[in-house]
Each structure stands twice: as structure tokens, then as C-alpha cells.
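The values are calculated or read from the model by the stated rules, or taken from the named source; none is laboratory data. As the structure is a prediction and not an experimental result, all values here were calculated from the model. Here the Cβ is made from the backbone with ideal geometry for all residues, glycine too, and neighbour counts use every protein chain on show. The accessibility values were calculated without ligands, DNA or RNA, using every heavy atom of the protein model including side chains. Shrake-Rupley method; radii C 1.70, N 1.55, O 1.52, S 1.80 Å.
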Amino acid sequence: RRQVLLRLLSPRNRILNEPFASHDLGSLAAAARYSKSHFLRLFRDVFGQTPHDLLIEARMELAKDLISGSDMAIAEVAASVGYESRYAFSRLFKKRVGTTASDFRQEGAAAMRKAA
């Protein structure tokens, strides 16, 4: 079990350290020295999500940081985290975070005013 984890950490760290790089299943599986199907099954079993879900999560965390910590337009944030379409980004953001990107920004600003 330890050996499996060690082999899976390399592709997982690639995703987390380089969320804008191209991470196709074949290259991630090769980095772990598993077939694609075996890699995908093990990755999901060990980490509780697919590599693609981890990639989306990493990009959404960066987006949340940009939205709350800058005055960038939502379209600029979307482009900055790797989405060509603002609409695709907005749909995915709401699905993953539970609120729209604009509402997320407003909630963050309101929380900061409340804390001050």
C-alpha cells in the first residue's frame, strides 16, 4: 500500500504544482508506472477523486484566491486559471463552490467589512 501511495504522489504533485500544464491521463499514468485504467482506479481509491477532479479543484482554489484578493474581472480570472470561456468557468465555479463568482467576491468583501 505504501508503494502505491509513493507512485501516485508524483502525478498528484504534478497536478497541484502545475495546474495549468497539460495533464493527460497517459502521461500521469506513465509517471506512476501504471496502465491508464489501473492508474485511474488506484488514484480514485487512494485520493477519493479522479486526477481531472483534482485539477479542477486546484484551479478553483486559485480562482477563489484571485476573486477575493484582486479586482480582476471574472472573465480575467477565468482566463488566468485556464478557461477560455467565461461561461464555462462560471458554470463550473458555481457547481464546485456553491455560489457564483460575483457573489463569492461580494460575500468576501462583506466579511472583510464586518471584521474591520
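Take the Cβ atoms of Thr99 and Ala79, set R0 to 22 Å, and the FRET efficiency comes out at 0.60.
Considering only Leu16, Ser102, Gln3, the residue lying farthest towards the positive end of the dipole of the chain is Gln3, judged by Cα position with unit charges set on Cβ. Output the 0 to 90 degree angle, nearest 10, between the alpha-carbon long axis of helix 51-69 and the longest principal axis computed from the alpha carbons of the chain. Here the helix axis deviates by roughly 20 degrees.
In this Cβ point-charge picture (+1 for Lys and Arg, -1 for Asp and Glu), the range 1-48 has a dipole of about 260 debye about its Cα centre.
Expressed as an acute angle from 0 to 90° and rounded to the nearest 10, what is the orientation of the C-alpha long axis of helix 86-97 relative to the principal long axis of the chain? Taking the Cα atoms of the chain, the angle to 86-97 is about 80 degrees. Computed about the Cα centre, the dipole magnitude for the chain is approximately 540 debye when only Lys and Arg (+1) and Asp and Glu (-1) carry charge, each at its Cβ.
Ordering Phe39, Tyr87, Leu25 by the projection of their Cα atoms onto the charge dipole of the chain, which places +1 on the Cβ of Lys and Arg and -1 on the Cβ of Asp and Glu, puts Phe39 at the extreme positive end. Modelled spin-label separation between Asp53 and Leu6, with each label point placed 7 Å from Cα along the Cα-to-Cβ direction: 2.7 nm. The Cβ shell under 9 Å around Ala31 holds other residues with a net charge of +3, Lys and Arg each +1, Asp and Glu each -1. Note on the chain: with neighbouring protein chains present and a 1.4 Å probe, carbon and sulfur make up 51 percent of its accessible heavy-atom surface.
For the chain, what relative contact order do you get, as a whole percent, if you take Cα pairs closer than 8 Å and at least 6 residues apart?
Dividing the mean separation by the residue count of the chain yields 19 percent.
For the chain, the solvent-accessible area works out to 62 Å² per residue, with a probe of 1.4 Å and every protein chain left in place. Simple point charges give the picture: +1 on the Cβ of Lys and Arg, -1 on the Cβ of Asp and Glu, and for the range 51-90 a dipole about the Cα centre of about 80 debye. Seen against the Cα atoms of the chain and their longest principal axis, helix 101-115 is set at about 70 degrees. In summary, the aspartates and glutamates within cross-link reach of Lys64, defined as a Cα separation below 19 angstrom excluding same-chain residues under 8 places away, comprise Glu18, Asp53, Glu76, Glu84, Asp103, Glu107.
For Leu16 and Gln106, the FRET efficiency from 1/(1 + (r/R0)^6), where r spans their Cβ atoms and R0 equals 25 Å, is about 0.30. Charge tally for Glu76 (other residues, Cβ to Cβ under 15 Å; Lys, Arg +1; Asp, Glu -1): +1.
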